[in-house]
Amino acid sequence: MRDLDELRREIMQRTLENVPFDGWSWASINAAADELGVDRREAESAFPGGPAEVIELHSTDADYAMLAEFEQRATDSMRVRDQVALAIWIRLEQNEPHREAIRRALSFLALPQHQRLALRLLYRTCDAVWTAAGDASADYNFYTKRGLLSGVYSSTLLYWLADSSEDYAATRAFLDRRIDETVQIGGRLGRVIKTLEQVPATLRSMSPGRGGGEDLRMRGN
């Protein structure tokens, strides 16, 4: 009897191959089970959440695969923005054989009932990219970085799916531009947030009993 995790991954891989023909549906999962000689009821038990659960497993495995290859290709001398670009590029490269399945997954995840899953998977991928790049932030930067990267990754993924240039050179250029733009935005946003963080201290200095507060009370009189 197959190990459950092994069975799930075997079915997931075969399902990816069937999606271009049957979409993200039980038809694709059942076809995968038939090809593997697995009882369809066993496949249903392995993925009680149906196609959405298969998509989630594929996305999670893709994140781990990206991290593993990044460890082999990244160097200590790389800038952070280059590490981020490399991590995203690795994820695209690794999933090139399944471009059509990914294209259809985006349509599937765009449905209202799947949007929460879509956001969760996007966050996990962006978090994995920043983890690869060695991000150790714990303040507002943690969420700011992942929020900004979600826009970079999403737009690059869509561009890649439509790209017909040789070796996806156009996507590489697009990714570099988007990262550079985001670095500039992130820098400006960081300065604004730091300024706002100092507002409470400024207000405290104007409270009653301190110089600014005395002036305000005098004006009130």
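The values are calculated or read from the model by the stated rules, or taken from the named source; none is laboratory data. Just so it is clear, the structure is predicted and the values come from calculations on it, not from any experiment. Quick reminder, even Gly has a Cβ in these numbers, built from the backbone with ideal geometry, and neighbours come from all protein chains shown. Calculation scope for accessible area: heavy atoms of the full protein, side chains included, ligands and nucleic acids excluded. Shrake-Rupley method; radii C 1.70, N 1.55, O 1.52, S 1.80 Å.
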Which numbered condition trips up LEU4, out of (1) among the aliphatic types (A, V, I, L, M); (2) within 23 Å of the chain's Cα centre (by Cα); (3) open to solvent by 30 Å² or more (accessible area, probe 1.4 Å)?
(2)
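Go over the candidates ALA46, ALA74, ALA65 one by one and state the one that is farther than 19 Å from ASP22 by Cα, surrounded by 21 or more Cβ atoms within 10 Å (Cβ to Cβ), of a type outside the set (Phe, Trp, Tyr) and modelled with pLDDT of 95 or more. Reasoning before the result, please.
Values: ALA74 fails: surrounded by 21 or more Cβ atoms within 10 Å (Cβ to Cβ); ALA65 fails: surrounded by 21 or more Cβ atoms within 10 Å (Cβ to Cβ).
The unique qualifying residue is ALA46.
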Within segment 121-161, tally of residues that are in contact (Cβ under 8 Å) with a residue 12 or more places away in the chain, farther than 14 Å from THR182 by Cβ and in a helix (DSSP H, G or I)
15
Would you check which residues across segment 31-81 are of a type in the set (Gly, Ala, Ser), over 17 Å from ARG14 (Cβ atoms) and assigned to a loop (DSSP other than H, G, I, E, B) and list them?
GLY49, ALA74, SER77
Somewhere in segment 123-130, is a residue touching a Gly at 6+ places or on another chain (Cβ under 7 Å) and at pLDDT 95 or above?
no
Taking PHE21 and the conditions (1) farther than 17 Å from HIS114 by Cβ; (2) open to solvent by less than 40 Å² (accessible area, probe 1.4 Å); (3) hydrophobic (A, V, I, L, M, F, W, C), which numbered condition does it fall short on, given that it satisfies the others?
(2)
The condition from (1) open to solvent by 60 Å² or more (accessible area, probe 1.4 Å); (2) modelled with pLDDT of 95 or more; (3) under 15 Å from the mean Cα position of the chain (by Cα) that ILE88 misses is numbered (1)
Mind listing whichever residues of segment 146-189 are of a type in the set (Lys, Arg) and surrounded by fewer than 16 Cβ atoms within 10 Å (Cβ to Cβ)?
ARG177, ARG188
Take segment 95-107 and flag every residue that is open to solvent by less than 40 Å² (accessible area, probe 1.4 Å) and either more than 21 Å from PHE174 (Cβ to Cβ) or at pLDDT below 95 (or both).
ALA101
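Yes/no per residue for (1) open to solvent by 70 Å² or more (accessible area, probe 1.4 Å); (2) in contact with a strand residue (DSSP E or B) (Cβ under 7 Å, 6 or more places away or on another chain); (3) closer than 16 Å to ASP63 by Cβ:
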| site | (1), (2), (3) |
| --- | --- |
| GLU93 | yes, no, yes |
| LEU109 | no, no, yes |
| GLN115 | yes, no, no |
| TYR123 | yes, no, yes |
| ASP127 | no, no, yes |
| ASP135 | no, no, yes |
| THR144 | no, no, no |
